[in-house]
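J.: Attaching a single structure in structure tokens format; questions to follow.
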Amino acid sequence: MILQDILDTARYSELSSLAIKDNDAAIVTFLNLGMLELYKRFPIKVEEATITLVANSSMYNLPVNFMYPMGAYGEDKDGNISAANELATNAEDDDNSVFFPNHRQIQIPTTVKSSRVSVVFVAKPETYNVDNLAAEVDLPDTLIEPLLHYIGYKGHLGVRSDGQSENNAHYMRFSSSVKKARELGVAYPSDSWRMSGRLFERGFA
């Protein structure tokens, strides 16, 4: 669905009673925040970064669109990155565990016997703006409903008097629609990407 269509739907539904319904810039800001929330809950865009290890180095930069890790994998005996060689993550009791000390870097111990490490991660959503209302929003249609509820939640945050109860209602609808999407299986649960067999020599399926 394109950005303009989502804005129009929001202004005639969740935001219909608010003056902010005519402020495209504000609605797009709420949409961007909603996209982050949904990308936190579902692995909507999964990418892979292959890191070439350097002698005597343990800290490596992550891609700028890195959001959170799904897993890290080393090479097999033939030098191919393999799902069978999944590395532990943030495990203090494992000498070969990789760590994510911050959202920009990965720490790979020098004990890892590999020349490359693959990091499979959930990427950040694209940031949208009012200059391109014809842009296709990178979200499955099955998650448009929770996105609209989130826009409604943010739109009612600044409303005084009885706005608090309406705001809470929109957030509850958002949480409920996210739960329903999981129950119906119309969005991937995060653990589904950790199963062996999804990662191949140069990527994942």
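The values are calculated or read from the model by the stated rules, or taken from the named source; none is laboratory data. Small disclaimer: the values here were computed from a predicted structure and weren't measured. For neighbour counting, all protein chains shown are included, and Cβ atoms are generated from backbone atoms with ideal geometry for every residue, glycine included.
J.: Say we look at segment 21-75 and pick out the residues that are touching a residue at least 24 places away in the same chain (Cβ under 8 Å) and among the acidic types (D, E); which of these is surrounded by the most Cβ atoms within 10 Å (Cβ to Cβ)?
T.: Only one residue tops the list, namely E75.
J.: Please state which of the following conditions S175 fails to meet, knowing it meets all the rest: (1) surrounded by fewer than 19 Cβ atoms within 10 Å (Cβ to Cβ); (2) outside any loop (DSSP other than H, G, I, E, B); (3) assigned by TED's automatic domain parsing to the domain that holds Y68; (4) polar (S, T, N, Q).
T.: Answer for S175: the failing condition is (3).
J.: Y150 versus (1) at pLDDT 85 or above; (2) in a loop (DSSP other than H, G, I, E, B): which is the lone unmet condition?
T.: Unmet for Y150, out of (1) at pLDDT 85 or above; (2) in a loop (DSSP other than H, G, I, E, B): (2).
J.: I would also like to ask the following. For segment 59-86, which positions are more than 15 Å from F99 (Cα to Cα) and touching a Gly at 6+ places or on another chain (Cβ under 8 Å)?
T.: Within segment 59-86, I81, S82, A83, N85 qualify.
J.: For segment 91-123, enumerate the residues that are free of Cβ contacts under 8 Å to residues at least 40 places away in the same chain, polar (S, T, N, Q) and within 20 Å of N56 (Cα to Cα).
T.: N96, S97, T111
J.: Yes or no: A83 out of contact with any Asp or Glu (no Cβ under 8 Å at 6 or more places or on another chain) and either closer than 30 Å to S17 by Cβ or assigned by TED's automatic domain parsing to the domain that holds L15 (or both)?
T.: When the stated conditions are applied, A83 does not pass them.
J.: What is the residue count in segment 98-123 for residues that are part of a loop (DSSP other than H, G, I, E, B) and either in contact with a helix residue (DSSP H, G or I) (Cβ under 7 Å, 6 or more places away or on another chain) or small (G, A, S) (or both)?
T.: 2
J.: A further question follows. Restricting to segment 71-107, and then to whatever is at pLDDT 90 or above, of a type in the set (A, V, I, L, M) and touching a Phe, Trp or Tyr at 6+ places or on another chain (Cβ under 7 Å), can you tell me which residue is nearest to I51 (Cα to Cα)?
T.: I106
J.: Got a sec? Which of L36, L15 is assigned by TED's automatic domain parsing to the domain that holds P140 and in contact with a Pro (Cβ under 8 Å, 6 or more places away or on another chain)?
T.: Being assigned by TED's automatic domain parsing to the domain that holds P140 and in contact with a Pro (Cβ under 8 Å, 6 or more places away or on another chain) holds for just one of L36, L15, which is L36.
J.: Could I ask something else about it? If I filter segment 87-117 down to residues being buried (at least 16 other Cβ atoms within 10 Å of the Cβ) and among the hydrophobic types (A, V, I, L, M, F, W, C), which single residue comes out as nearest to the chain's Cα centre (by Cα)?
T.: F100
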